[in-house]
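Values in this text are rule-based calculations from the coordinates and carry no lab data. It should be emphasised that the depicted structure is a prediction, and the values quoted were computed from it without experimental measurement. Here the Cβ positions follow ideal geometry from the backbone for every residue, glycine too, while neighbour counts run over all protein chains shown.
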Amino acid sequence: MSEYGGAIKDTDGNVIYLEGVVTDIQSRKQNEEQLTALSRNMAKETEQIVSALKMLQLLSINAGIEAARAGEAGKGFPSWQI
């Protein structure tokens, strides 16, 4: 009977160990999902920044064109190239 008692203890120990492994895997999966969501948000924000910079660049080019078109009167008109 003591052989069975030892086997039951071993099985209980294995079950406890596996429960810990499952908990660890679930925690890592949750962390991965959070990281994925944060990465997607960063990508969206980066796209918005790039879009705003492209728009600013177009406005800057347009300002330079308008200043050149104005000739002498446009010399004091500040414009920046990005």
Self-check item: Residue-wise HN-Hα coupling along segment 47-64, computed from phi with Karplus coefficients 6.51, -1.76, 1.60 (Hz; x: Gly, Pro)
Solution: 4, 5, 5, 4, 4, 5, 5, 5, 5, 5, 5, 4, 5, 5, 4, 4, 5, x
Quiz prompt | L59 paired with T11, simple spin-label distance in nm, labels 7 Å along Cα-to-beta-carbon | solution = 7.3
